[in-house]
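A short write-up of the structure that comes next.
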Amino acid sequence: MTDPSRMTILFDNYPGVPGLTSLWGFAALIRVADRTILFDTGSNGRVLLKNMAALDIAPESVDLLFLSHPHWDHMGGLDSVLEMNPQATLVVHEGFSKHLINDLHGLCGELVVVGTDPVALAPGVFSTGMLDSDPPEHAMVIEADGVTAVISGCAHPGMERIVEHASRLLRKKIDWAIGGFHLMYSDAAGIDRAIRALQDLEVAYVVPTHCTGDAARDAFRHAFGARCIDGGVGREIGLVGRATSPG
């Protein structure tokens, strides 16, 4: 297994590693369970591929491509990745356009269309199943090497709801909540409710980025301290257990 407990943010509207390009959107690379997984593809394929090249990550190395929901800032790089790697397995959910789903059958190696039930995608890698929101969204759940994590594109259903769903699926507490928390339009009371809900669920680490919003990111830093990890393009995160400091 190649470094199964690390992820790298490839696309984010927050800057990170110098020399990489930040645009609105989100994508991350996760290596787990002998699989290399691309979670979402950002808003621009050329920029995604440029960032991947700068980080020495080949699109051809991706085994599994997971799209969280059908918004442009999460699937804008899909064509670019599939042109480079048409053999990758692609995971979407039933809330994507039926016309798009029909077309995708001929553009990837295998197409997995997730319904409302959780789906095992690889050892230790799951979809939550499509959750009701506008738009519908599913998140990735990881259980590997004693660590549990949830990765969200935008958390339209609410990050606390996603974490609660994942915790029931694994019958374990969730160590990490990562991605867009969709709090950029929330007031202070709404942000506080979201933080308290994740604390009540005993989430150990948070990586609030993309559509979380600056006010919410600041509030999470205050609430979680060193257990709130900044996102940003190129950020590499060790998904360690709750008793360990992330590297």
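The values are calculated or read from the model by the stated rules, or taken from the named source; none is laboratory data. Quantities reported herein were computed from a predicted structural model and do not represent experimental measurements. Positions of Cβ are generated from backbone atoms using ideal geometry, with glycine treated the same way; all protein chains shown enter the neighbour counts.
What to note about this one:
- Of all residue pairs spaced 6 or more apart or on separate chains, those with beta-carbon atoms under 9 Å, a first member in the range 117-142 that is more than 13 Å from residue 161 (Cα to Cα) and of a type outside the set (A, V, I, L, M, F, W, C) and a second member that is at pLDDT below 95 and assigned to a loop (DSSP other than H, G, I, E, B) are 123/33; 123/34; 124/4; 124/33; 124/145.
- Scope the range 5-19; condition part of a loop (DSSP other than H, G, I, E, B) and either touching a residue at least 60 places away in the same chain (Cβ under 8 Å) or of a type in the set (Gly, Ala, Ser) (or both); matching residues: 5, 13, 14, 15, 16, 17, 19
- Per this entry, residue 151 is not counted among residues that are in a helix (DSSP H, G or I), within 27 Å of residue 70 (Cα to Cα) and under 14 Å from the mean Cα position of the chain (by Cα).
- Residue 219 being farther than 25 Å from residue 18 by Cβ, crowded, with 20+ Cβ neighbours inside 10 Å and modelled with pLDDT of 95 or more: yes
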